[in-house]
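This report concerns only the one structure given below.
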Amino acid sequence: EGDSAGGSAKAARERKTQAVFALRGKILNVASATKDKLLANKELSDLSLALGCGTGAQYNRQKLRYERVVIMTDADVDGAHIAALLMTFFWREMPQLIADGHLFLAQPPLYRLTRGGNIEYARDDNHLEEIRKRNPKGKTEISRFKGLGEMPPKQLKITTMAPETRTLLQIVASPQKRSVNSATVESLMGRKPELRLNFLQENAPIFDRLDI
């Protein structure tokens, strides 16, 4: 953010307190994989190693290296699927990490709205309409991001990574609803496709717009 000593010190602090673990597309679905496949999966093994806290019965909350574990994916259907796969992994292999309040979901924007020198970001179609209704007059240039990789570094920092300006959703799980949550994860991510079909049939009326 500049060549000044203060700017360099700030950048150094951010590098020291934030780390990025890059995924190569969609990870293994642990809800439908065998234990052998899970143990042999290098990407999930590397992720567990990076966090330092272990998995399953070996999980140790004292060894977790980061206060916040943030899932950051593209603001589209594929990104939502990747986020679901990661949440399933943490739910099945590190439930205490969720219970302790360490898991978050980043909310990157899907649209950028430019009006003169003013720039706003919209999370989704509904948020886009809210902004347009709030500013009905004047010409607004609207561009849709294809993904996080398309964003210039400065915009990615402002919208998704900087603690002062980003929006995070905390992933929570109630101990009283553990059985309900487990059944939901199994229905949506498990080995029985008929459970997913039942879920879609039961909930289809609430969806009036799909991003396909």
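Below, the figures for the structure above:
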item	result
Count - residues of the stretch 132-159 that are aliphatic (A, V, I, L, M) and open to solvent by 100 Å² or more (accessible area, probe 1.4 Å)	0
Residue check, residue 74 under 21 Å from residue 166 (Cα atoms) and acidic (Asp, Glu)	yes
Scan of the stretch 68-118 for residues that are over 26 Å from residue 55 (Cα atoms) and either open to solvent by less than 20 Å² (accessible area, probe 1.4 Å) or hydroxyl-bearing (Ser, Thr, Tyr) (or both), ordered by number	108, 109, 110, 111, 113, 114
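The values are calculated or read from the model by the stated rules, or taken from the named source; none is laboratory data. Just so it is clear, the model here is predicted, and its values are computed rather than measured. Heavy atoms of the whole protein, side chains included, go into the accessibility calculation; ligands, DNA and RNA do not. Shrake-Rupley method; radii C 1.70, N 1.55, O 1.52, S 1.80 Å.
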